[in-house]
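A.B. asks: This is the structure I want to talk about, given as structure tokens.
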Amino acid sequence: MDLISICVATGTRAEYGLLRPLLDRFRADSRVNLQVVATGAHLAPEFGLTYREIEADGHRITESVEMLLSSETTVGTGKSMGLCIGGFVETFARLKPDLVLVLGDRYEMFCVAAAATVSRVPVCHLYGGDTTEGALDEVFRHCLTKMSHLHFTSTEIYRRRVIQLGEDPARVFNVGAISIDNVLGVDLMGRKGLEASLGIHLQTEVFLVTFHPPTMDGEAEGMAQLNQLLLALDTLQGASIIITGANADTGGAGFNRRLIEYCQARPETHYFVSLGIRRYLSMMKLAQAVVGNSSSGIVESPAMGIPAVNIGDRQKGRLRADSVLDVKPDQASILKGIRKACSVEFRAFAATCPNPYGKGDTAERIHRILLEQVGQLDLKKRFYDLSWAD
């Protein structure tokens, strides 16, 4: 087999954390020329310059594509998207990959796939068929499916949705969620190790909080929801509250300023732009509950047996374990959910609750299938029609 050039694009800390097990496999495979391109929040100081985490894991960043503007508006996001498409078209012209791999549903990856389309490079997509009705990501995810030639989904239901969108079943594979590989494969830190690494003292009770802008609700409504969450957190006296920063979405920088302000006035509440995958999962394992609207509360938290309180509509529509409690974005509902999640009975239930997202062999399966399929991909896709009964 000739050397295969696989270009993997990543724009956020969460996305890279999911990709890491797969990147490790590609890097170790002599048949693969791995090209890692960092963009988006990875390159922005206000989001922690998380490209450093990629390098610290031993992965060489082949190229960087600057695209984020210092703007929190929809106009700024739109202009950033234009920069992203243009930057990746130039990058693909230089790197000449055989395949571009993108993960998820964010606008950055939509731009990467659009650039690959006009560059006549096949696209492999992880994870189509999902739904998140409270975020713009819902639209970008389905667009990514139609621009892609090879698909890896995290559940069988999602696989069927991708086929329903007209994709050839022979190119759609249910492999489970790659985040489960991290849960089972990362060497977790203990309480003292986390305290030393972060320079903080952890109380007996710990809550891990991440709240991203609900981008379908508008910026003012999103900030109102965040303030309701903070009012709820005010009642958790004597607990350590660990808050990680919001995504580079419209309104995300404003969220982070509000979170920093909140934490500065409360000695047991700590804000971190990014914990990195090892510290994040380690903190999750210690937590009484994961609170917020991050996908990690939907997928990773149940895999660790930790209760999650999911706030609002950002993750609406996603399959979830019964250990995930959905609550409205108001103080009373959030507090009610936190109290239930912290009960002895519910924590015992969460510890053994089944998770619908696989068994932790996802990276291995993607690696194997991708190398089998890459030489067979045809840029001229045909629409796969379902048979409809009268």
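What follows is calculated from the coordinates using simple rules that are stated; it is not laboratory data. Note that the structure is predicted; figures quoted are calculated from it, not measured.
A.B. asks: I'd like the Kirkwood hydrodynamic radius of segment 189-352, using the inverse of the mean 1/r over distinct C-alpha pairs, in Å. Kindly include the intermediate steps, with their values, before the conclusion.
C.D. replies: On the way: mean 1/r = 0.0639 Å⁻¹.
This gives a value of 15.6 Å.
A.B. asks: Among the listed pairs Lys285/Lys340; Lys146/Lys316; Lys285/Lys359; Lys192/Lys316; Lys192/Lys336, which have their C-alpha atoms separated by more than 28 angstrom in this model? The partial results should precede the final answer.
C.D. replies: Numbers: Lys285/Lys340 18 Å; Lys146/Lys316 22 Å; Lys285/Lys359 18 Å; Lys192/Lys316 36 Å; Lys192/Lys336 31 Å.
In this structure, Lys192/Lys316; Lys192/Lys336 lie more than 28 Å apart at Cα.
A.B. asks: Let me ask you something else. When the Cα atoms of segment 215-277 are enclosed in a convex hull and the volume is divided per residue, what value in Å³ results?
C.D. replies: On the way: hull volume 5.7 nm³, N = 63.
Hull volume normalised by residue count: 90 Å³.
A.B. asks: When only alpha-carbon atoms are used, what values of Rg and Dmax, in angstrom, describe the chain?
C.D. replies: Reported Rg and Dmax, both Å: 20.4, 65.
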